[in-house]
């Protein structure tokens, strides 16, 4: 049985889900012992601990220039001291250039089989990856497990299947027969899906696997060789993915450097060297807007970016205001506001919000919102695990500075005790009231747990501002609460024009921060928050070119 | 019956053909009276003549700033003196901005029906368009009829169906139901295909409808408003298309300025004003590389370009060298080498070409090639009609200058008499021998009837040069002649890496210049000759954005 045959069932189901856009998950997000095994968690944690302070020797990349790594745990505020093999960009490119010609000749089916097999191998390491993610990104345990493990694997599977489908969208050959009156002109035609060449995937510090695997697997399924350039602060989670891909390549008699890890250090970053190299044709990037825009402007390359945005919540009318406040408080607390989908700007009419039981004033909502944030932070069984730790010192500084941006401070940021990690870098949300006229304050991304309650004239102004922010500064998510169908359609339509998906009236255990594989297009590509989407057809079709040859039938 | 229902059968067949990539033509390319009617040709010619010297008053665009037009017939070398309504870019944009919001709300089915209906109306004017095309581009009658009429209409249909299919690729709604253990989380999800906004389509002087209708219909089917900016030298053919689109829009109670014609004059071109306007989101362009590259670099826009290239023919081994020489001679004579798919560089090994009856030396092939060119030019029943006239004076100058580029001149360019148009601007092909080392001579596009016979060391060098030219300067077509399967696969593979389609061993009545709708991807988008392809999925998906909204099921 080939690897493709082994995984064909999953691929078929995934393609169906991709089109139905109904729920599908090939990898279970529940880390329960009943699912992954009694000792899986402990084993993963032990494996993670065993790597600390050592060389990461799993990669099949020979002759490094040196070994290095500067990861630091936001929970321990200590260096992990893991050393990775370091290569010059020249060596990385040369190897990618050579192995491209091997990989591009592997059939789409065999590529799909190999890539699926690598995900199955990674599945056995989900817990190890979870601890690696916690101690590089600061994510809480549950998010670290889900986002870096099963959800990332599902997104990778989505990219594999989307690519596999596009590669098979047109026939590899056909007879073209044109009636010419007295005879038929016949041509044998054939079409090749030609990969673009070398692909680099530039990772971020907060979601080192979830945001990178789509580019890695999307480029690999379409036949490109891939260089994975992780953020120097979050290497280990994606290093494990790359190591497993390399092992499966080797087992199938292919050169493991078809997919390489390109570790660098803060003092000697090689991202620009790689990105600007003429042999590099594809670039995937997750990160800040200025670097993303620099990449987008590089000539002669195909670029996929997820940058930053200003996410809005429009509050018009609700059934149960307490449930709404609780849901939104969770959204800003979750991973201390470090998700690209976290809300920042909450637009509330000056005369308050209509509810099933009467009007709730602006101040009353602000009080409920603050109370719910505090309630979650101060719940020792939930708060520390939902908020996690702060990945970057600068985020902590930004949260403190935010108190002075101008406007009533409804809630100051503070610290709390994480029972497992006394030394964790933490910050609770700061909540500030800002007038709807002060775009200079709220018209930019304030990354981290920073929530702005923006007082607007009415819901029409709220919609207008949310749309303008998305069109000018980008937006990846939007929350909206309204019980009025006309207002709802207006929000849906106006935010559509800003290419921003809207989550309406979420309460309970579902949050605007969440995007599901196979169903939600993550980032639309239609506003400045990014030019690509997980995983619409463009996300894979741009990674190869259809080339047709033809010859008269003999 | 809705317009969609009326045309549904054609759309269904076209979608099938798009995927099977077999022969399909909805519009008959044969201008015979039996097909289009006994008086169709004479009527069309009369209609064309009746427009000369007058205002073109068919457009539904009110209040022009002025009337103007500078078209000139390459056959008569006289001005056509047709005056078109002229508008400022500000007026054009304002109207497009307003009508965008009307058009985007029309369903995909209704849009498809309206656009199909416009093609049916255009069909009744194919002969008029043919004469308009002859007397603006200089194309021969048959090409003018086929390329601007039925072939353009087929390409437009291809864009409509490709767009229609992509708009229906994902469901407009679905219930997403996630098992959460004790209960299922249910979300109503909906997805909208949101058009990008205002689209401009910039035409060229040689194929004013064929190269523009894909962008026009591709943008319209996906819900964008369109401003058609024709080349000032070739307006009338596409003006007729736009007029018919506007009439059908009006008949369906829609604002006809959903699709506008933006005529300008050589002394006051408005292309840059339109292209740089922030409200313009989509740009289609056919034309020279420098303007195309300027457009591609405009930030925040989606650009589709067809620029220029250096097309190669690789001669290795043939069955019948005379048939090959005849076929290639036709290719360089056809429309006096003014097709973007015309061959320029002919790579021939210094020791000649293997044939079924022995070796043919480089010089012997050159002689046969020249003899075949002359034979066709000097055939009064074929030559004038195959060569047509030269659109631009500069092309005639370039052909004369080409004699001095360095290298043996095998054939000088000359004129000939067109029996119907004594004053036609004509130029026959110039044929020059160039050494394979002289890339400075053959490493650029020499637009017009200029053929370079490049003497290479062997076929390997021929392939290497053809690939290098395509990768560095772009290529839209490639011809190759070989009877050796190993050589054939090498050419197919190496040219694939340069994203260039290869026509192998063409003899008889099929030429490398020709690209068929529904089967051949015209331009691959993978080399510098252009960044887009007629019509791969990207060609339409980039014209809209998928945006998904969601809400808990009540």
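What to note about this one:
- Centre-to-centre, using Cα atoms only, the range A:458-475 and the range A:491-507 are separated by 11 Å.
- Linear extension gain, residue A:393 paired with residue A:293, 0.36 nm per residue minus alpha-carbon span: 33.6 nm
- A simple spin-label model places the labels of residue A:43 and residue B:5 6.4 nm from each other, with each point 7 Å out along Cα-to-Cβ.
- For chain B, the longest principal axis of the alpha carbon atoms and the long axis of helix B:321-333 meet at an angle near 50°.
- Calculated Rg and Dmax of the protein assembly as shown using C-alpha coordinates, Å: 31.3, 97
- Inter-centroid distance (Cα atoms) of the range B:24-67 relative to the range B:146-195, Å: 35 Å
- Over chain A, dividing the summed -39,500 (n - 2.57) contributions of all DSSP H runs of at least 4 residues by the number of residues returns a 222 nm mean residue ellipticity of -12000 deg cm²/dmol.
- Beta bridges per DSSP with both ends in the range A:312-504, % antiparallel, nearest 5: 20 percent
- R0 of 45 Å, Cβ-Cβ distance residue B:483-residue A:267: FRET efficiency to nearest 0.05: 0.15
- Crossing angle, helix B:89-103 versus chain B [Cα axis fit, 0-90 degrees, rounded to tens]: 60 degrees
- Inter-copy label distances at residue B:417 (7 Å, Cα→Cβ; nm, one decimal): 10.8
- Spatially, the range B:362-383 and the range A:221-258 are offset by 57 Å when compared through their Cα centroids.
- For residue A:268, inter-copy label distances in nm, listed shortest first [label point 7 Å out on the Cα-Cβ vector]: 6.2
- C-alpha long axis of helix B:459-473 to longest principal axis of chain B, angle in °: 40 degrees
- Residue mean of other protein chain beta carbons inside 10 Å, B:165-176: 3
- The other copies place their residue A:20 label points at 3.0 nm from this one, listed shortest first, where each point is 7 Å from Cα along Cα→Cβ.
- DSSP beta bridges confined to chain A are antiparallel in about 40 percent of cases.
- Dimensions of the range B:312-504 along the principal axes, based on C-alpha atoms and rounded to the nearest Å, stand at 50, 36, 28, largest first.
- Label-point separation, residue B:101 to residue B:357 (7 Å along Cα→Cβ), nm: 7.4 nm
- Gained length - residue A:35 relative to residue A:77, 0.36 nm times residue gap less alpha-carbon distance: 11.9 nm
- Computed E for residue B:415/residue A:173 - FRET, C-beta separation, R0 45 angstrom, nearest 0.05: 0.50
Read-outs throughout are calculated quantities, based only on the coordinates presented, and are distinct from any laboratory measurement. This one's a predicted model, so the numbers in the text were calculated from it and none came from an experiment. Using ideal geometry, Cβ is built from the backbone for each residue, glycine included, and neighbour counts are taken over all protein chains shown.
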